[in-house]
Amino acid sequence: MKEIGLGLLGFGNIGSGVVRLLEENGDIIEKRLGAKLILKRIADVDIERKRSVAVDPSLLTTDARLVLNDPEIAIVIELIGGYEPAKSFLLAAMKNGKHLVTANKALLATQGNELFREAERLGVNLSYEASVGGTIPIIRSLKEALSANRFLSIMGIMNGTANYILTKMTDGGVDFAAALKEAQDLGFAEADPTYDVEGIDAAHKLAIVLTLAYGQRVALDEFYREGITGISKEDIDYARALGYRIKLLAIARQGRGAIEARIHPTMIPEGSLLANVNSNFNAFHLEGDASGSVFLYGQGSGMMPTASAVVGDVIDTARDLLKGVSCRVPARACPEKMIDAIILAPMDDLSTNYYFRFSVIDRPGVLSKISGILGENNISIASVIQKGRREGGGVPVVMTTHRANESDVRKALSAIDRLEIVREKTVLIRMEDPNL
């Protein structure tokens, strides 16, 4: 039976999962592939640390060149993460004619243009299913199963850590700090959670998805990003009272001549599918012009779910090798020469519904002043909730709006926050509800 040699760069948590999956499911993989996948070499900066899976010590090395230059290795799996030396290793592997599998979303989102062009030029596969959505086959769906569609919209919960925190705040009744600590204790969040809670990780994933869906390049600083650090338990409770849940959503939508792209906390109806994606799970709601609604759901991170996606890419690449072909499906859904610079709609042009929470002094005429400024800026109020005074603070007043323009909202809130009756900066949360 034919053997296909593999090399692994990075023997951390995900790398250990890949080794375990290749060992434990080797018989299933061999039957489905019709060939044996043989792990020839594993390179890591630390080969002494004990892993959750045992390997033959002779496979381990601290010298990545032994993977990159081994003629018996046909597929290189990059699980180092970060920018360097990962990028240099990938480029070197390509030059040696090796096919690549990676989970490195940050590298692909920021420097992928060079890598994808070089892979196509050299005729090697560059696969990256695990970079977005963990075990969820979102990349393969966009590239292949749904490739005949115009994507009218894509909405995704793309970060499991942020979703876990918001779930604990909603269902566990805890505040942000307590939910974050629990996520860190369970290993869902890093000691420095900035990439997760500020939406940076989700932005990397959205950048990849945008290119796949719309065939255009995008830079991370070109679309709006807002994290969840400003979400309080108070806003969670008001959302529940209004019939909504708050999720950190990545949103892409086809507009007239431009693509709408943004990441921010969003109120969505509590009965919707996305609203019921909880804990550290991820999900994607795609709307194609031919397919209609498609919903993908699963583990967005974790050792074995991510390893599943990585090994799935390895098997796909091995199938191509057995047929003597490569680059059969373009890495970014379109040939590189067909990918253009994306035109994004300015955030100021966004039209949606909004939730506002004001903290004001309890005196007559407050509501009329606020509603007056909103009206002057073409913002129509849909509902109002006013509760009693908080001890030591102002009175919370919550409003939701009919559809309004972002630029008008920003202008109105700037004027409202300057009023002497307003005690704190107004909280703004955008709403996505097709029934409004």
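The values are calculated or read from the model by the stated rules, or taken from the named source; none is laboratory data. Everything quoted here is computed from the prediction, not taken from an experiment. Every residue, glycine among them, receives a Cβ derived from its backbone with ideal geometry; neighbour counts consider all protein chains shown. Each accessible area value is taken on the protein alone, full model and side chains, heavy atoms only, with ligands, DNA and RNA left out. Shrake-Rupley method; radii C 1.70, N 1.55, O 1.52, S 1.80 Å.
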Computed from every Cα-Cα pair in segment 25-64, P(r) in 10 Å bins starting at 0 and rounded to whole percents is 24, 41, 28, 7
Candidate cut points under trypsin sites (Lys or Arg not before Pro) in segment 252-324, DSSP loop plus at most 15 other Cβ atoms within 10 Å of their own Cβ, are ARG256
Beta carbons within 10 angstrom, averaged per residue: use that to sort the peptides 302-309, 429-436, highest first. 302-309, 429-436
Based on the alpha-carbon set only, what is the convex hull volume of segment 217-282 divided per residue, in Å³? 122
Computed curve, the chain, Cα-only Debye sum without solvent term, log₁₀ I(q)/I(0) at 0.10, 0.11 Å⁻¹, is -0.74, -0.86
For ALA103, what residues show an amide H to amide H distance below 5 Å, using hydrogens built from the backbone and excluding near sequence neighbours? GLU78
Just how many % of Cα pairs in segment 94-196 lie over 24 Å apart, if you round to the nearest whole percent? 43
Jot down the radius of gyration and Dmax of segment 294-379, Cα atoms only, both in angstrom. 26.0, 78
Amide H within-cut-off set for ARG217, under 5 Å, with H built and near neighbours excluded: ASP340, ALA341, ILE342
Percent antiparallel among DSSP beta bridges confined to the chain, nearest 5, equals 65
Against the longest principal axis of the chain, how steep is helix 176-185, in degrees 0 to 90 to the nearest 10, with axes from Cα atoms? 20
What 222 nm value per residue comes from the helices of the chain, counting each DSSP H run with n ≥ 4 as -39,500 (n - 2.57) and dividing by all residues, nearest 500 deg cm²/dmol? -10500 deg cm²/dmol
Under the Karplus relation 6.51 cos²θ - 1.76 cosθ + 1.60, θ = phi - 60°, what is the ordered set of whole-Hz ³J(HN,Hα) values for segment 207-217, x standing for Gly and Pro? 4, 5, 4, 4, 5, 5, 7, 10, x, 9, 6
Limiting things to C-alpha atoms, what are the Rg and the maximum Cα-Cα separation (Dmax) for segment 299-436, in angstroms? 25.1, 78
Cα-based Debye curve of segment 390-430 sampled at q = 0.16 Å⁻¹ gives log₁₀ I(q)/I(0) of -0.47
Lys/Arg Cβ at +1, Asp/Glu Cβ at -1, dipole of segment 256-365 taken about the Cα centre: which of PRO335, SER293, GLY271 is farthest positive-ward? PRO335
Hull-based mean projected area of segment 356-436, where the convex hull spans the alpha carbons, in square nanometres: 5.2
As a quick test, which of the pairs LYS105/LYS143; LYS2/LYS98; LYS87/LYS143; LYS40/LYS337; LYS98/LYS143 have an alpha carbon distance above 26 angstrom in this structure? LYS40/LYS337
Measuring from its Cα centre, segment 180-219 shows a charge dipole (+1 at each Lys and Arg Cβ, -1 at each Asp and Glu Cβ) which, in debye to the nearest 20, is 360
Pairwise Cα inverse-distance average, inverted: Kirkwood Rh of segment 86-133 (Å): 10.6
Using the Kirkwood radius built from alpha carbon pairs, what does the Stokes-Einstein equation give as D for segment 1-85 at 20 °C and 1.002 mPa s, in µm² per second? 161
Share of carbon and sulfur in the accessible heavy-atom surface of the chain [1.4 Å probe, %]: 49
Mind pulling the per residue volume of the convex hull built on the Cα atoms of segment 233-372? Å³ is fine. 185
Compute, for segment 1-151, the length of the dipole vector about the Cα centre, with Cβ point charges of +1 (Lys, Arg) and -1 (Asp, Glu) only. Units Debye, rounded to 20. 380
To the nearest 10 square angstrom, how much accessible area does VAL395 have with a 1.4 angstrom probe? 10
Report the full-extension gain for the segment ARG65 to ILE28: residue separation times 0.36 nm, less the Cα-Cα distance, to one decimal in nm. 10.2 nm
Give the cross-link partners of LYS387 among the lysines, using a straight C-alpha distance below 19 Å as the criterion and excluding same-chain residues fewer than 8 apart. LYS233, LYS369, LYS425
About its Cα centre, the chain carries a charge dipole, from +1 on Lys and Arg Cβ atoms and -1 on Asp and Glu Cβ atoms, whose size in debye to the nearest 20 is 560
Which angle from 0 to 90°, rounded to the nearest 10, does the C-alpha axis of helix 406-417 make with the longest principal axis of the chain? 50
Can you give me the three principal axis dimensions of segment 204-314 from its C-alpha atoms, in Å, biggest first? 44, 40, 31
Output wanted: per-residue J couplings in Hz (rounded whole) for segment 322-333, from phi through Karplus 6.51 cos²θ - 1.76 cosθ + 1.60, θ = phi - 60°, x for Gly and Pro. 5, 8, x, 10, 8, 6, 4, 9, x, 4, 10, 6
From the residues ILE200, ILE154, ILE165, which one has its Cα farthest along the dipole of segment 129-208 in the positive direction, the dipole being from +1 and -1 charges on Cβ of Lys/Arg and Asp/Glu about the Cα centre? ILE154
Over all alpha-carbon pairs of segment 42-148, lay out the pair-distance distribution in 10 Å bins, whole %, shortest bin first. 13, 41, 34, 11, 1
Rounded FRET efficiency, nearest 0.05, which uses the C-beta distance separating ASN276 from LYS387 and R0 of 30 Å: 0.65
